1. Need one number: buried accessible surface between chains B and A, 1.4 Å probe, both sides summed, DNA, RNA and ligands left out, in Å² to 100.
2. Using a 7 Å offset from the Cα along the Cα-to-Cβ direction at both A:ALA239 and A:ALA62, what is the distance between the two label points in nm, to one decimal?
3. Using the alpha-carbon centroid of each, what span in Å lies between segment A:296-315 and segment B:106-162?
4. With chain A treated as a Gaussian network of Cα nodes joined by springs under 10 Å, which of A:THR175, A:THR101, A:THR113 yields the largest mean-square fluctuation?
5. Quick check: pseudo-label points 7 Å beyond the Cα along Cα→Cβ at A:ILE314 and A:ASN18, how many nm apart are they?
6. If the label for B:ALA323 sits 7 angstrom from Cα along the Cα-to-Cβ line, what are its distances to the same label in every other copy, in nm to one decimal, shortest first?
7. How big is the antiparallel share of DSSP beta bridges in segment B:109-267, given as a percent to the nearest 5?
8. Per DSSP H run of at least 4 residues, take -39500 (n - 2.57); add these up for chain A, divide by its residues and hand me the 222 nm value, nearest 500 deg cm²/dmol.
There are 2 protein chains.
Amino acid sequence: MQITILGGGGFLGRKLANRLAKDGSLGGQAITGLTLFDLASPPAPEARFPVRCIGGDVADPAAVAAAIPAGTAVVFHLAAVVSAAAEADFDLGIKVNLHGTLAVLQACRALGTRPRVVFTSSVASFGGGQDAVVPDDGRQLPTNSYGAQKAIGELLLQDATRKGFLDAVNIRLPTVMVRPGRPNKAASSFVSAIIREPLLGLSTDCPVPPEFAVWICSPRSAMEWFLHAATMDTAALGADRGINPPGRSATVGKMLGALEAVAGPAARAKVGFVFDREVYDIVAGWPAAFAATRARRLGFAEQESLEDLVRAFIEDDLAATRAERGL
Amino acid sequence: MQITILGGGGFLGRKLANRLAKDGSLGGQAITGLTLFDLASPPAPEARFPVRCIGGDVADPAAVAAAIPAGTAVVFHLAAVVSAAAEADFDLGIKVNLHGTLAVLQACRALGTRPRVVFTSSVASFGGGQDAVVPDDGRQLPTNSYGAQKAIGELLLQDATRKGFLDAVNIRLPTVMVRPGRPNKAASSFVSAIIREPLLGLSTDCPVPPEFAVWICSPRSAMEWFLHAATMDTAALGADRGINPPGRSATVGKMLGALEAVAGPAARAKVGFVFDREVYDIVAGWPAAFAATRARRLGFAEQESLEDLVRAFIEDDLAATRAERGL
C-alpha cells in the first residue's frame, strides 16, 4: 500500500509519518511506500518501507502530481496556510488552501484508481461562536478566510467523491492541543501555549479570558481519527463526507486546572491574561461545542481527558520541544 | 451609477438589461452606464445611458476586470455553466463557475470601492430532494457539480464581503420557469418545456412523473429579487449573505393544471411522460420546498400564482420565442 502525506513536514504530518513507519501497515495492509510532501522537503522517519521526501508548492499541479504517483491508495491532505496567516494574506490562503486542494483533486483523479483522501478541514469552517453546539448536519457559515477555504475544499472533495474521482473523508479538526515547538500563526496558538510554555518553565499571556471555551482535541486523537478515516468503510458516509469528530469542549480555566493537576500551581502561575482583540475576533467566531453523534456512530475514537492530554504532551513532545528551542 | 451584468447575453441577463434600460435608474439613482459581458458580445438594449457590450471568458481575470471598470457600483454575476453541462464536463464547470467567480471577486476587490455583487446561486446547491423543506439556515449539501460550484462561489463572495472587498448578496434561485427559446442543457429544462412547447403548439416529453415537485420562480420574480438585492440595506444580512427567496413549490401536475386553466386541455394534451434517468438523477436531489422566512422579512417579493406565471410568459416572451424558432 502506497501512501502520501501532503503537509508531511508539519506537526501532525510528521507525527503521522512516524506512526505509519512504526506500524508498518495500515488497515491490515503492509505499507510499500510513503511519500512526504511539504514546502521544504520533510525529514524521513526510519521505516521498513521506502520513504520519498519532496519539497514543493501544493498549489503547483505538477508538483502535487509527482507526490501522488500511480498506485497511491491513500492521500492525507494536511497542507494548509493556517488561520491567522490566511486572514493576513488573503491571496496566499486562496492559493494554498483553494488552488492546492484543486491540485490534489486533479492529481487523484488522474490516477483513475479512486484513492482515499483524508482531508483536514477545521472547526474554523463553522460559525456560531461560544454559544453554539453544532449538530451533525450543522451549516458551515465561516467567519474567517481559513474556514471559508476549508469549507470550499470540502465541497470540492465531496463532489469529486460523488463523481468517482476519489474517496474523501473530510475531518473538521478541533483546535489541536498541545502543539510542540513555538507559538505559530494560527489564531488558536494560545491554546497550546498556555500548557506548553509553563511546562517549559516559561511565562505566557493568554489572549482570551478564562471562561472562553474551545473545541479541542489531542494530537493522539487526531492520529486515531486519521487512521480510522483512511481505513473505514466509506459507504456508511453516503453523500456527506464531512466528519465532526468527538473532540472536547473546554474552557481556558479548565485547561489550566488540568495543567495544575499534572504540573502543580507554579506551572499554572506562569499564565497571565492579556486580551488580544485580533486573535479574539477570529477565535470568537468558532463554535465551542459539537454534537459529534454521527462520528461516534461511525467509529471515531473518543477524546481523552484534559489531564491525560497534558500527560501525553509531556510523554510525547516535551523533551523534543525543549531540545528544539534550546531550553 | 455604473452597472455591470456578467452573463448579460443569457435569458435573465437580457431581461435585466432591458429592465434597467427601461427604468433608467436603480434604487432612485440614475444609471450612467451599463456593461454587458458574455461569451459572445451581448445585444445592447436601447437606453438613455451608454451601453458597452463585451464578449469574453468569465474565467479570464483580465477580461472580467475590463468588464468591471472603476466606478462600477453594482455587478450582477449571472455567468455560469448550467447544471447538466457542469455535470457532463467537470473541468468546464470548475473553470467557469469557480475560477470565473474568483475572477469576479478579484476584479471587484481591485476597484477598492466595495461594489454590490448580486450573485445567482441555485436551489441545486442544496440536497434533500422531494421531501425536504429547507430552513433558512439549511446546510448546502449539493448532489451535483453545478450546485457544489455555486455553494463554493457563495463562500468566496461571502468571505470577500467580510473582508470588505465587495458587498455580496447570493440569491439561491429556484428553477426559473418559463424560459423562452429552446430546451437547453440545464437538467431542469423540462420545467419550462412543459409550458412553453404546448403554447408553441409543439409536443414535449416530461422526464419526471406528474407528482414530482419543483421549487420554482418566474422570470418576473427573479427580476424583482435582483433589483431588491442590488439596492437593499445589506446591514440586515449580517455575515450570512445567502438568500433563499420566496419561490413556490409546485408539482408537474399543478403546472400542467395552470397551463390547462390558461390555454385549455389541448395544450395540456401536448405533454407526454417519458422517464429520463439522467435528468431525474440530477433534479431528484434538489429540495422541492424552502421556508424562505428570512427573505420575506428582508423584503424579497412573493412569487405570483402559477396561472399568472403562465400568462406572464405569454405576454412577455411567447411572440419572441415563436419568431426566434421560426414557428
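The values are calculated or read from the model by the stated rules, or taken from the named source; none is laboratory data. Please read these numbers as outputs of a predicted model, since none were measured by experiment. Cβ placement follows ideal geometry from the backbone for every residue including glycine, while neighbour counts extend to all protein chains displayed. Quick note on the areas: whole protein, heavy atoms, side chains included, nothing else; ligands and nucleic acids left out. Shrake-Rupley method; radii C 1.70, N 1.55, O 1.52, S 1.80 Å.
1. For B against A, buried area totals roughly 2700 Å².
2. Using points 7 Å along Cα→Cβ, the separation is 3.9 nm.
3. Spelled out, the Cα-based centre of one part sits 36 Å from the other.
4. In this elastic network of chain A, the residue with the biggest mean-square fluctuation among A:THR175, A:THR101, A:THR113 is A:THR113.
5. 1.8
6. 8.2
7. Antiparallel bridges: around 25 percent, rounded to the nearest 5.
8. Here the helix-only value at 222 nm equals -11500 deg cm²/dmol.
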